Ligand SMILES: Cc1ncc(COP(=O)(O)O)c(C=O)c1O
């Protein structure tokens, strides 16, 4: 929904976004508030000590080893644009899902790339989103590695966006490409296939307003080249303070892994009871569900009713050009009931 939620007079909850239903972590929010008192100073241009804190969070035993491959950005959006602009010009291709988050397409086109099919190995740029927003598909790390190796020609830049990946559970690091440093180095050296791992931190920590993302480069040299093209001080002192605090909030992640699947399943159960003809897609640990009503008018009406009730959902008509689909954020069932109540009149 982005900024539009402000224009809804009776706004209750934003079901149109993929942010964490637990809301912004309280301690990190407080740290961000305190940082506002320091806005008469520039933030550190090297992002320290927040960069070190994120490196230790990503690689608990080896933060110092891999920090030279890690860069922060003003949201993942800044880094998506930067990485795409330094890729070899030509064609770009998405992953092999029915659709995916559109920012890669926008950014690639703006940088002069033309779009080709997921199966076109002649593309010099491959951008995948895993888990995929909005379809909710997920590939395990071994399947992802096999897919990249099996479909990428030498000279390909690969971006895998893992913004939603930490939701899979406490074992998330083990199924993340962030932890596949040896494999990434090998395919870069042997095959000339360069893998960048992108993360938007604005979803799992529900902080889209402060803009916070990171990317892990295939090697330290590639990271330095990228950083040379980044505008200085692109992450402000509020976002840096938030990050330094939030990486220590283990309780928040533990609650996320406990509650999100419960709320997701509760939402699916209600949808199945009241709208048995609708199909609900996506992994159950994710912060949203992807709904196909199989009918354009029904989806249009669902989106209208949800908005009128102050509980907006995300239509997949504009943007994804899939007008029978819409996306619902996973939230506490108490507030989800208000949204479901607004849709009730569509029940057959
Ligand atoms: C998969 C994915 N990647 C990146 C982004 C952009 O994130 P940011 O807010 O960090 O720019 C989004 C936002 O919706 C997203 O869904």
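The table for this structure:
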quantity: Any hit, region 58-69, residues being within 22 Å of the chain's Cα centre (by Cα), in a loop (DSSP other than H, G, I, E, B) and closer than 25 Å to residue 312 by Cα; calculated: no
quantity: Counted residues, region 318-336 - those being free of Cβ contacts under 8 Å to residues at least 12 places away in the same chain and within 19 Å of residue 256 (Cβ to Cβ); calculated: 1
quantity: Some residue of region 1-10 being in contact with a strand residue (DSSP E or B) (Cβ under 8 Å, 6 or more places away or on another chain) and within 16 Å of the ligand (Cβ to nearest atom); calculated: yes
quantity: Whichever residue in region 93-133 is within 22 Å of residue 322 (Cβ to Cβ) and part of a helix (DSSP H, G or I) and, among such residues, is nearest to the ligand (Cβ to nearest atom); calculated: 103
quantity: Residue match in region 237-252 (condition: touching a residue at least 24 places away in the same chain (Cβ under 8 Å), in contact with a helix residue (DSSP H, G or I) (Cβ under 6 Å, 6 or more places away or on another chain), buried (at least 23 other Cβ atoms within 10 Å of the Cβ) and under 17 Å from residue 16 (Cα atoms)); calculated: no
quantity: All positions within region 176-215 that are within 16 Å of the ligand (Cβ to nearest atom), touching a residue at least 12 places away in the same chain (Cβ under 8 Å) and in a loop (DSSP other than H, G, I, E, B); calculated: 176, 201, 202, 203, 204, 205, 206, 207, 208, 210, 211, 212
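Read the figures in this text as sums done on the coordinates, not as results from a lab. All values derive from a computational prediction rather than experimental measurement. Note that each Cβ is placed from the backbone with ideal geometry, even for glycine, and that neighbours are counted across all protein chains shown.
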